[in-house]
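Before any comments, here is the structure.
The values are calculated or read from the model by the stated rules, or taken from the named source; none is laboratory data. Worth saying up front: this structure is predicted, and the values here are computed from it rather than measured. Cβ coordinates were reconstructed from backbone atoms using ideal geometry, including for glycine residues, and neighbour counts include every protein chain displayed. Quick note on the areas: whole protein, heavy atoms, side chains included, nothing else; ligands and nucleic acids left out. Shrake-Rupley method; radii C 1.70, N 1.55, O 1.52, S 1.80 Å.
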Amino acid sequence: MPEAAKARTDIRLVRSLLDMAELNAVRAARQSRASWTDVATILGVSRQSAWERWREVDEPVTAGGAR
């Protein structure tokens, strides 16, 4: 695999891992009763954009695992 293609693949993997870590951190914060303002401040975004991106973490999980 050419070096540039490998670099893009590596970047895609790192981004995916960071996205998962970020989602898990938001989920943990919300389960600990952190406000959307607190979550947004820590992540360096607006409260509105934090809520729009991760609002599904507040939705209850049904028996089948679906939200």
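Please give the charge dipole size of the chain, origin at the Cα centre, charges +1 on K and R Cβ atoms and -1 on D and E Cβ atoms. Round to the nearest 20 debye. Write down the numbers at each step before the final one.
Details: 11 positive and 9 negative charges, 4 e Å.
Computed charge dipole of the chain: roughly 20 debye.
Can you sort Arg33, Arg53, Arg15 by solvent-accessible area, 1.4 Å probe, largest first? Write out the running numbers ahead of the final one.
Working: Arg33 210, Arg53 125, Arg15 160 Å².
Solvent-accessible surface, decreasing: Arg33, Arg15, Arg53.
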### Query
If you line up the long axis of helix 3-31 against the longest principal axis of the chain, both from Cα atoms, how many degrees apart are they, to the nearest 10?
10 degrees
### Task
Please work out the FRET efficiency for the pair Arg27 and Ala4, using the Cβ-Cβ distance as r and a Förster radius of 35 Å; give the result to the nearest 0.05.
0.50
#### Entry: Whole-number accessible area per residue in Å² for the chain, which is evaluated in the context of all protein chains at 1.4 Å
78 Å²
